[in-house]
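Single-structure report; data block below.
What follows is calculated from the coordinates using simple rules that are stated; it is not laboratory data. In this text the structure is predicted, and so the values were computed from the model without any measurement. Cβ: placed from backbone, ideal geometry, glycine included. Neighbour counts: every protein chain shown.
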Amino acid sequence: MNQPAASKIALVTGAGSGIGLAVAQALLSDDFTVILAGRRREVLEEAVATAQAAGRHAVAMPVDIRDPASVDALFENISASFGRLDVLFNNAGVNAPAIPFDELTVDQWKNVIDTNLTGAFLCARGAFRLMRQQSPQGGRIINNGSISAHTPRPLSSAYTSSKHAVTGLTKSIALDGRPYNIVCSQIDVGNALTSLSARMTKGVLQANGSTATEPMMDVQHVADAVRYMASLPLSANVLNLTVMASNMPFVGRG
């Protein structure tokens, strides 16, 4: 694929739908060349075809972020195709069933940790390595945390643990990247309306045991926030940013 000489290169994981797709489209509108990565080749290629029809520069690169070899192959492909990477939006993630803590299986726990934490580490490591080696050196890694990186929902031990750990990962990358002009940020999203979160409009278990519908916000607000973070020069960084539906039950006591 031929990208414009001045185009910056961005990689978005989990780019086939939801927040990942919205962010990919936002970066495309800012003239990034965007690599859309995820497990489902068909939806990635559909998104790429839409972008290319609009005159944007996009490419699909399927990956299983839980698999170190698959992630290594992704970054080898990026290096061979573009020679550099300017922005990684580390977005792909999964959840476990909302079941009592003692009924959560080891396999359910591992699937969440392997995807949300180890997968984020593998992608960040691949991006860090490329950003450190490229010339000019440096780049930006933006991790998708969550409101759950601060406060859990009921019956969410695996997801909450993974997202708390992403916060530590973000801070460590931000520190370790300093000598190489690599900056790292975290965006914590609360109640963005996507196909996966639409169920929340029908009622969500609350900390007091009740079930209540929760306010939602347009996912475009998340995309705009990431777009701003990605637009900054490497001399400036938004270390942590929370964007949420204003009246969701997060601030205050439940």
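The table below gives the values:
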quantity	calculated
Kirkwood hydrodynamic radius of segment 78-166, from inverse mean 1/r over distinct Cα pairs, in Å	14.3
Rounded to 10°, Cα long-axis angle of helix 220-231 versus longest principal axis of the chain	40
37 °C / 0.692 mPa s Stokes-Einstein diffusion coefficient of segment 200-247, Kirkwood radius on C-alpha pairs, µm²/s	250
Using distinct alpha-carbon pairs, which all enter the 1/r mean, Kirkwood radius of segment 1-144 in Å	15.5
Sorted peptide list for 206-218, 224-236, criterion being average Cβ within 10 angstrom, highest first	224-236, 206-218
Cα point-scatterer Debye curve for segment 20-93, base-10 log of I(q)/I(0) at q = 0.11 Å⁻¹	-0.25
Relative contact order, percent, segment 9-244 [alpha-carbon distance under 8 Å, six or more residues apart]	18
Column: log10 I(q)/I(0), Debye, Cα scatterers of segment 116-254, q = 0.17 Å⁻¹	-0.95
Inter-site label distance for Ser135 and Thr201 at 7 Å from Cα along Cβ, in nm	5.3
Tilt relative to the chain, helix 68-82 - C-alpha long axis, 0 to 90 degrees, to 10	40
Helix 119-133 vs. the chain, principal-axis angle (Cα, 0 to 90°, nearest 10)	20
Where labels lie 7 Å past Cα in the beta-carbon direction, separation of Glu76 and Ser210 in nm	5.6
Label-point gap, in nm, between Gln220 and Ala236 - each point 7 angstrom along Cα→Cβ	2.4
Alpha-carbon centroids, segment 219-247 and segment 128-153: separation in whole Å	13
The chain: Rg to Rh, with Rh as the Kirkwood radius over Cα pairs	0.96
Karplus-derived 3J(HN,Hα), 6.51/-1.76/1.60, for each residue of segment 169-182, Hz, glycine and proline x	4, 4, 5, 5, 5, 4, 6, 6, x, 4, x, 10, 6, 9
